[in-house]
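The values are calculated or read from the model by the stated rules, or taken from the named source; none is laboratory data. These figures come from a predicted structure and were not determined experimentally. Please note: Cβ atoms are built from the backbone with ideal geometry, for glycine as well, and neighbour counts cover all protein chains shown.
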Amino acid sequence: MGRRLFIAAIIAILLGGPIAEMFDCWDQTLKDGNDTEVNVVVAALCIGVAFAIGTIVVASRLRALAATSAGRVIATRAVIHEIASVLAPIPTVSPPDVLRI
């Protein structure tokens, strides 16, 4: 839930900056060369790109970890099955008369 809210906030900033720029009359961008809205949009864009790259890296690491650990689990289960089949007692005589149905 937090990740979706974070992404929604970044998208709101990226869309709201140019809209605020269209209606602003409080700064003189052409005179002083300082534009607050563009600075905020660029910062939000950098954070969004870093978040996207981080998500891709973490997801690929998790997939790689899952693939290697799944192979270990399958190998471990196969080894346990082989050991259990070797250690299982083999009945050599029939059960006593009391246990027969």
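Looking at Arg77, Arg63, Arg72, just one residue is at pLDDT 80 or above, part of a helix (DSSP H, G or I) and of a type outside the set (A, V, I, L, M, F, W, C), and that residue is Arg63. For the range 24-42, a residue qualifies if it is surrounded by fewer than 12 Cβ atoms within 10 Å (Cβ to Cβ) and either modelled with pLDDT of 80 or more or not in a helix (DSSP H, G or I) (or both), and the qualifying residues are Cys25, Trp26, Gln28, Gly33, Asn34, Asn39.
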